[in-house]
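Read the structure below first, then the notes.
The values are calculated or read from the model by the stated rules, or taken from the named source; none is laboratory data. The structure presented is a predicted model; accordingly, all values stated were derived computationally and were not measured. As a convention, Cβ positions derive from the backbone with ideal geometry for all residues, glycine included, and neighbour counts pool all protein chains shown. When the accessible area is computed, the model is the full protein with side chains, heavy atoms only, and any ligands, DNA or RNA have been set aside. Shrake-Rupley method; radii C 1.70, N 1.55, O 1.52, S 1.80 Å.
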Amino acid sequence: MGFCILRRFVRHARVIYRPFSTHPALFRPQIAEEVSKLLDLKAQLVAEDGTVAPTNVNQKFTLKTAKGTRDYSPEQMALRLSVLNKIVAVFKKHGAVTIDTPVFELKEVLTGKYGEDSKLIYDLKDQGGEILSLRYDLTVPFARYLAMNKISNIKRYHIAKVYRRDNPSMSRGRYREFYQCDFDIAGAFDPMIPDAECIKIVAEILDSLNVASYVVKVNHRLLLDGMFEACGVPLDSFRSICSAVDKLDKASWQDVKKEMVEEKGLSEAAADQIGEYVKLNGGKELVEKLLNDDKLSKNKSALEGLEAIKLLLGYCEIFYISDKVSFDLSLARGLDYYTGVIYEAVLLGDASKGEEVSVGSVAGGGRYDNLVSMFDVKNKQVPCVGVSLGVERLFAVLEQKIHAANRKVRTTEVDAYVCTAQKNLVEERLKLCNQLWEDDFKVEYSYKKNPKLLAQLQYCEENSIPFAIILGESEIKNGVVKLRNVLSREETEVKRSALADELRRRLGELNLNGTVPA
């Protein structure tokens with residue numbers, strides 16, 4: 001029906017168009033009549049609820065998630081929540097509060113904050129008199145939040161989805177919609193103290209997740225600017241050359257040099273000088289070497305950056321993380337809002353197993369002292385430093401690790417499953433479940449009145465529930481239960497009065513966070 005109406009709609013449109021295109025004045029009455037017919041046909045296409053009726057109700061389409069997005073199964077969600085809980089525990093340990101901001105912002109809030117990456121911002125259609133965009137990260141909304149609420153001192157974390165109109169790589173944990181976990185310290189403090197704590201937080205999180213060996217690369221924006229100046233890069237090209245250097249974790253030096261020279265107009269001599277520096281990495285000894293470098297030692301910006309890195313590395317020693325930190329001159333981080341120290345955590349593959357040396361970045365951040373003032377009418381500056389964890393890549397790495405170890409994730413946190421061994425014991429089963437719930441245990445049971453014992457025990461095994469509590473007529477009579485270890489299938493008789501304490505003791509001996517054998 002809808003298709004027929006649509007065909008008539010098109011036919012009438014053609015009737016209007018032909019004469020009007022040649023002799024418009026002669027056909028005005030006919031045009032008015034045909035327009036009226038078109039409006040009637042349009043009205044027929046609109047359903048009673050105001051929606052447009054489908055032209056073909058039997059039309060088939062492919063059921064899929066949008067490009068760069070995915071659904072998450074119970075196993076995947078259990079892993080994600082376990083990871084996020086560990087991350088939040090570290091944030092809270094360092095005294096952070098949490099906030100939330102809208103998923104979209106005024107476009108003008110996001111414009112001009114991300115350099116070349118601004119092209120990846122998702123713009124929304126104007127549907128309410130405001131030009132909006134989906135948030136690209138959680139840092140710019142945080143700066144807007146500080147300026148709007150006149151906050152000059154806060155330590156906060158924020159876990160939420162962000163959106164990037166990027167080319168996704170699902171296998172490497174790169175999506176268009178993904179979670180970020182941000183930790184930021186806002187306020188005027190002495191140099192490098194909060195900066196070092198952010199790096200310490202990254203190390204604590206990666207250690208708690210036990211993902212792989214890693215390194216936290218550090219550099220300084222002032223050092224980069226001084227290096228570019230010393231190498232002969234024009235001032236107005238600093239950001240574009242910095243953006244090119246930022247690609248060294250994904251591209252070879254020859255490719256980056258080609259981009260600098262052929263696409264961004266840098267002289268080959270300047271590019272070669274930059275190449276000598278960006279190949280360097282190390283610790284305090286490298287700082288000392290560069291402090292005596294002929295070019296850098298004469299540049300005020302470079303010297304200031306080097307002194308800051310030296311101080312940062314000293315604090316990292318105090319935090320016992322200096323073995324995880326590498327001063328790396330190839331680290332650039334292309335976002336325009338960084339003003340000081342920058343850092344990036346990179347997972348390292350196992351070379352003995354033929355894995356890549358660098359699996360990829362899983363965290364990054366730095367100091368951005370001028371971002372809040374961009375939103376303040378009085379240009380009030382609120383110094384900030386923070387870190388953002390790319391948890392999607394962490395999830396991808398952990399999923400691969402679990403699969404390789406032939407283990408599976410527990411999809412529930414159920415402590416015990418209450419079983420009955422004979423018929424007509426449903427009330428006794430419910431009473432015991434209620435008793436255990438009152439004692440704050442996580443407990444399940446069958447919704448059938450007379451389930452088979454074997455089916456109940458199989459459910460425990462399939463869902464990785466560690467303990468089964470078995471009730472029968474003799475157990476009820478004697479005031480006991482059978483406590484069964486589902487994995488070992490070992491059964492112990494326990495008094496009802498002592499069940500809570502015994503179950504709590506046994507649960508304490510198990511590592512239920514994470515995985516169980518597949």
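Some observations on this one:
- Restricting attention to the range 360-376 and to residues that are surrounded by fewer than 24 Cβ atoms within 10 Å (Cβ to Cβ), part of a strand (DSSP E or B) and of a type outside the set (S, T, Y), the residue that is modelled with the lowest pLDDT turns out to be G360.
- When the range 202-252 is filtered for residues that are of a type in the set (G, A, S) and touching an Asp or Glu at 6+ places or on another chain (Cβ under 9 Å), the ones remaining, listed by number, are A212, S213, G226, A230, S240, S243, A244, A251.
- The single condition from (1) within 26 Å of K380 (Cα to Cα); (2) within 18 Å of the chain's Cα centre (by Cα); (3) open to solvent by less than 70 Å² (accessible area, probe 1.4 Å) that Y122 fails is (1).
- Listed by first and then second residue, the pairs linking a residue in the range 428-443 that is closer than 19 Å to S464 by Cα to a residue that is in a helix (DSSP H, G or I) and open to solvent by less than 80 Å² (accessible area, probe 1.4 Å), with Cβ atoms under 7 Å apart and 6 or more places separating them unless they lie on different chains, are F441/L503; V443/C433; V443/L436.
Each row is one residue, and each column tells you yes or no for (1) over 29 Å from E116 (Cβ atoms); (2) surrounded by fewer than 13 Cβ atoms within 10 Å (Cβ to Cβ); (3) in contact (Cβ under 8 Å) with a residue 12 or more places away in the chain; (4) not aromatic (F, W, Y).
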{"position": "K279", "(1), (2), (3), (4)": "no, yes, yes, yes"}
{"position": "K284", "(1), (2), (3), (4)": "yes, no, yes, yes"}
{"position": "K295", "(1), (2), (3), (4)": "no, no, yes, yes"}
{"position": "K298", "(1), (2), (3), (4)": "yes, yes, yes, yes"}
{"position": "G305", "(1), (2), (3), (4)": "no, no, yes, yes"}
{"position": "I309", "(1), (2), (3), (4)": "no, no, yes, yes"}
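- Residues that are over 11 Å from K264 (Cβ atoms) and part of a loop (DSSP other than H, G, I, E, B) were ranked within the range 224-246; the one that is least open to solvent (accessible area, probe 1.4 Å) is C231.
- Within the range 99-117, the set of residues being in contact with a helix residue (DSSP H, G or I) (Cβ under 8 Å, 6 or more places away or on another chain), open to solvent by 40 Å² or more (accessible area, probe 1.4 Å) and more than 14 Å from A143 (Cβ to Cβ) comprises P102, E116.
- Considering residues of the range 77-98 that are out of contact with any strand residue (DSSP E or B) (no Cβ under 7 Å at 6 or more places or on another chain), among the hydrophobic types (A, V, I, L, M, F, W, C) and open to solvent by 50 Å² or more (accessible area, probe 1.4 Å) only, the residue modelled with the highest pLDDT: A89
- Test: residue in the range 263-272 that is more than 20 Å from R367 (Cβ to Cβ), in contact (Cβ under 8 Å) with a residue 60 or more places away in the chain and charged (D, E, K, R): no
- Conditions (1) of a type outside the set (G, A, S); (2) at pLDDT 95 or above; (3) open to solvent by 10 Å² or more (accessible area, probe 1.4 Å): number failed by D195: (3)
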